Amino acid sequence: MKAHFFLTIVLITIVLIGWTYINYSFEHSKQAKLDQLSRLPVYIYVADTTKVAPLMIALAEHTELQRISLETGLQAVRELAEAYQLPHTQSMLEEYSYPDVITLVFKPIKESLTAKAGIINAIMLQQIEMTDIDSQSNAWLIVETELKVLNLQWLIFTLFTGLILMVLFVFARLSLELRVLLKQKRRLVSVVDLIRHKSSTNRHTWMLLVIPILVSVGIYYLANVLDFIKAPVDWIFVAIQLVPLILGTLVILIILNLYSHDASLGLEPIVEGESFDARDS
């Protein structure tokens with residue numbers, strides 16, 4: 001009985017650890033996509049220098065921006081010519097007038113996805129034409145689409161794994177607890193055994209609910225401290241993992257109470273197709 005119970009704890013714990021690791025892989029992939037966004041800056045070309053200062057003030061209000069940099073037109077052209085090793089002289093560059101360039105780099109966070117449209121609108125409110133904004137919309141769209149696919153895959157995997165975990169949790173626990181109750185129905189156990197079983201049932205309920213999740217979180221936390229994993233514990237995900245365990249516990253308690261009640265009354269469960277004979281009562 002004890003060996004069966006501890007094997008059940010080990011099995012549930014392994015499933016939780018595997019689920020946690022795969023969730024970390026999903027989150028790592030999502031973060032890699034968000035990191036791509038921070039390498040896709042938005043460029044604003046401002047020909048009227050009087051618009052630069054108010055525009056910089058308006059942009060500074062957006063916390064989703066990681067960096068806001070300003071280059072004069074001449075400086076930007078010079079850097080471009082040097083980067084591509086184009087032949088030029090200072091006098092050649094000064095012959096023309098160039099717009100100033102404001103570069104916006106977004107933070108690699110999911111809030112940046114929804115904030116970008118608002119920031120573009122804020123720029124246009126400063127009398128900047130859309131043609132003067134290089135938002136790299138096509139590149140952003142590709143990353144956003146890939147993130148949506150990852151989120152959908154994560155949702156399907158989470159629902160499926162949670163269901164499997166709950167079913168496994170219920171059947172592993174029932175196969176452990178129903179032995180005594182079935183013996184009780186056949187009058188093969190004593191009252192003392194029943195009292196002990198009730199006490200162990202309550203203990204098993206709390207241990208199976210608490211120990212696997214604590215071990216899973218503890219291993220994840222230790223891996224984070226030792227730098228094997230580069231992400232802190234996601235307590236929202238831990239709460240998601242607790243949902244099938246709590247639901248499974250409620251299902252088990254209901255079934256065990258029904259069996260215990262029937263056994264205490266000396267009643268046999270009614271099986272479909274069987275007839276009731278008053279002499280049996």
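Read-outs: derived from the displayed coordinates by stated rules, not from any lab. Predicted model, so just to flag it, every value in this text is computed and none were measured. Don't worry about glycine lacking a Cβ; one is built from the backbone with ideal geometry, like all the others, and counts go over all protein chains shown.
Between Val210 and Val233, with labels modelled 7 Å along Cα→Cβ, what's the label distance in nm to one decimal, could you check?
The modelled label-to-label distance comes out at 1.4 nm.
Considering amide H positions built from the backbone, and no H for Pro or chain starts, which residues 5 or more places from Gln66, or on another chain, come under 5 Å of its amide H?
Under 5 Å from the amide H of Gln66 lie the amide H atoms of Val105, Phe106, Lys107, each far enough along the sequence or on another chain.
What trypsin sites (Lys or Arg not before Pro) in region 1-49 are in a loop by DSSP, with at most 16 other Cβ atoms within 10 Å of the Cβ?
Those satisfying the criteria are Arg39.
Using Cα centres only, tell me the gap between region 1-22 and region 142-168 in whole Å.
Measuring centre to centre over Cα atoms gives 22 Å.
Highest mean first, what order results for 236-244, 220-228 on Cβ atoms within 10 Å?
The densest-packed peptide leads the list: 236-244, 220-228.
What does the charge count near Thr63 come to, summing +1 for each Lys or Arg and -1 for each Asp or Glu among other residues with Cβ under 9 Å from its Cβ? Intermediate results must be reported in sequence, preceding the final value.
Numbers: positive: Lys107; negative: Glu61, Glu64, Glu111.
Summing Lys/Arg as +1 and Asp/Glu as -1 gives -2.
Note the full-extension length gain between Leu174 and Ile255 as 0.36 nm times their separation in residues minus their Cα-Cα distance, in nm to one decimal.
28.3 nm
Distance cut-off 28 Å, Cα to Cα: go down the list Lys110/Lys230; Lys148/Lys230; Lys51/Lys148; Lys30/Lys116 and report the pairs above it.
As for pairs spanning more than 28 Å Cα to Cα, those are Lys51/Lys148.
What nm distance separates the two modelled labels at Thr131 and Ala32, each placed 7 Å from Cα along Cα→Cβ?
4.1 nm
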